[in-house]
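The values are calculated or read from the model by the stated rules, or taken from the named source; none is laboratory data. These figures come from a predicted structure and were not determined experimentally. So basically every Cβ, Gly included, is an ideal-geometry build from the backbone, and we count neighbours across all protein chains shown. The area values use the complete protein model at the heavy-atom level, side chains included, leaving out ligands, DNA and RNA. Shrake-Rupley method; radii C 1.70, N 1.55, O 1.52, S 1.80 Å.
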Amino acid sequence: MEPSTAVQNLVVMRHGDRMDVAVPMWLTHADRPWDPPLTDDGLIRAWTTGKRLRAIGFPIHRVIVSPFLRCLQTAREVVSALCAIVDDETQLLAMETSEGVAIDPSKVKVSIEYGLCEALCVEAIKPEYAPKDGIWFPDLSDLEAKLPIGTIDHSVDMVYKELPQWKETLACARSRYYAIFKDLANKFPHENLLLVTHGEGVGVSVSSFLKDAQVFEVEYCAYSHLQRPMSFDSSEVTETDFKVLTANGKTGVHFLESIDPKLLE
């Protein structure tokens, strides 16, 4: 019998607009300055992107999220859009926010993954804003409470059982993102995944899978789309590397596929 073939889609998305960037004074009175929430505009942007992903052309089966608050809030809006119960899609498109939306939580499975967290380096987080006691987040149950009720898949174990070490290098963080993307894809090979993470991670999802690509900007709620063919039979899964389907700038990820040597002169 010939093995059947299918494709796996991987969408890697940045969170929405963060409060500390939009309102710098927020940092002066924040209890958790390393973990800013989304702005109102960020919530709306996440909701709007979720509606866009609902029409991406394939079902998203599983959403896996960084534990940072801005990513949890982004995922909440996106999952609400993906799971919204509406009479027709026109009704959903007319909804400017997720307020009052009814959802079917069985449509998408959601979980948190420490390996998707922000780069824990001084380039991403100023040392004076890092937690002095080393406690970055509350208990996992408190983080899960930020996500839509009924969507959490409690049967899933994280790939990273603990957070990366504070002051990891940026190079190590980039290697972590590359590894966790492949690990999660291989963990759920027959599902299409949405990974809600940080700008550096979205950049890695393009630069690591597209030869000579140089990512120079990742907008809020930008996302990349990767795809790989999967051949499988009853005993094993044969995988190939992902192909980047994202077009430069179309979904908020801006990159050069190759550098013209003349530009470096």
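With respect to residue 10, determine if the residue is more than 20 Å from residue 112 (Cα to Cα), open to solvent by less than 10 Å² (accessible area, probe 1.4 Å) and touching a strand residue (DSSP E or B) at 6+ places or on another chain (Cβ under 6 Å). For residue 10, the condition - more than 20 Å from residue 112 (Cα to Cα), open to solvent by less than 10 Å² (accessible area, probe 1.4 Å) and touching a strand residue (DSSP E or B) at 6+ places or on another chain (Cβ under 6 Å) - is not met.
Take the conditions farther than 21 Å from residue 193 by Cβ, open to solvent by 70 Å² or more (accessible area, probe 1.4 Å) and outside any helix (DSSP H, G or I) and apply them to residue 41. Does it pass? The answer is no for residue 41. In region 204-217, the residues that are charged (D, E, K, R) form Cβ pairs under 7 Å with partners that are modelled with pLDDT of 95 or more and in a strand (DSSP E or B), at six or more places apart or across chains, as follows: 217/254.
Which pairs do you get when a residue that is in contact (Cβ under 8 Å) with a residue 24 or more places away in the chain, found in region 22-35, comes within reach of a residue that is open to solvent by 80 Å² or more (accessible area, probe 1.4 Å), reach meaning Cβ atoms under 9 angstrom, with the pair 6+ apart or on two chains? Pairs that qualify, where the first residue is in contact (Cβ under 8 Å) with a residue 24 or more places away in the chain and the partner is open to solvent by 80 Å² or more (accessible area, probe 1.4 Å), are 33/126; 33/128; 34/126.
Looking across region 122-159, the residues that are among the hydrophobic types (A, V, I, L, M, F, W, C), more than 20 Å from residue 28 (Cα to Cα) and open to solvent by less than 60 Å² (accessible area, probe 1.4 Å) come down to 143, 147, 152, 156, 158, 159. Reported count of residues in region 44-68, each being crowded, with 20+ Cβ neighbours inside 10 Å, among the aliphatic types (A, V, I, L, M) and in a loop (DSSP other than H, G, I, E, B), is 1.
If I go through region 160-177 residue by residue, how many of them are within 14 Å of the chain's Cα centre (by Cα) and open to solvent by 80 Å² or more (accessible area, probe 1.4 Å)? Here the count works out to 0. Listed here are the helices (runs of 4 or more DSSP H) enclosed by region 69-184 that have at least 1 residues being closer than 26 Å to residue 32 by Cα: 69-82, 140-144.
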